[in-house]
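> Quick one: structure below, then a few questions.
What follows draws every value from the coordinates through simple rules; no lab data is involved. The shown structure was predicted, so the numbers you read here are calculated from the model rather than taken from an experiment. Note: ideal-geometry Cβ built from the backbone for every residue, glycine included; neighbour counts use all protein chains shown.
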Amino acid sequence: MNPTDARRFPPALAAVSGVVFDYEDGNGIDYEPHGDFLTAEDTTRWLRAWTGNAELEGDAFRVFGQDGSGGYVAFWLVRPERELVDQPVVFFGSEGSLGVVASDLAGYLWVLAGGVGPLEAVDCPGQSASPDPELVAIAERYAPGARKPPADLVLAAGREFPGFEELVLGWCR
């Protein structure tokens, strides 16, 4: 992966950042998209705080959104030969939830389009929800061949990256 590309905000995420996510009374998707990645410094600061490990650097993550409680959604740069949009999407909850949400950005777009946010994908992976027409349109535009139910996408991502939670918990102090 080209280091410059790893800091360039993908057009699909820019499109998602223009969506208003309504989460009243626990209905809808609890998600607040960012318009850009957190800086490298802020990512390192956050990862150190989340793990309690002052020795970590945040260079393996590109944070691009959060839920209402402050949990972060990020690309995990674990595939060195692949583009940023082909990296898995992971979630670090503010209360300790942790997991792989999607195998790549295309899958993540369809998880959101299916009405499931990152926290819900990790904490309740089989949850069914109502599709969001605006997010479906974005997913169809940027990931037309990747449409699957959110539960299938989350399950496949967890199978593809089974050691993520153990790895991160091993960083914790």
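> Amide H to amide H under 5 Å from Q66: which residues, 5+ apart in sequence or cross-chain, H placed 1.01 Å off N in plane?
Distant-sequence amide H within range of Q66: E32, H34, V73.
> Using alpha-carbon pairs under 8 Å, 6+ residues apart, how would you state the relative contact order of the stretch 5-171 in percent?
Details: 305 pairs, mean separation 29.9, N = 167.
Reported relative contact order: 18 percent.
> For a quick check: sort Y23, Y72, Y142 by the number of other beta carbons within 10 angstrom, fewest at the front.
On the way: Y23 14, Y72 22, Y142 18.
In increasing order of surrounding Cβ atoms, one gets Y23, Y142, Y72.
> Using a basic spin-label model with each label point 7 Å from the Cα along Cα→Cβ, how many nm lie between E160 and A40?
2.7
> Give me the net charge for the shell around F37: Cβ to Cβ below 11 angstrom, other residues only, Lys and Arg +1, Asp and Glu -1.
Neighbour charge sum, excluding F37 itself: +1.
> Provide the net charge surrounding G58, with neighbours chosen by a C-beta distance below 11 Å and charges set as Lys +1, Arg +1, Asp -1, Glu -1.
Values: positive: R45, R48, R62; negative: E41, D42, E57, D59.
Here the charged neighbours net out to -1.
> With charges only on Cβ, +1 for K and R and -1 for D and E, what is the dipole size of the stretch 5-171 about its Cα centre, in debye, rounded to 20?
On the way: 11 positive and 27 negative charges, 93 e Å.
Approximately 440 debye in magnitude.
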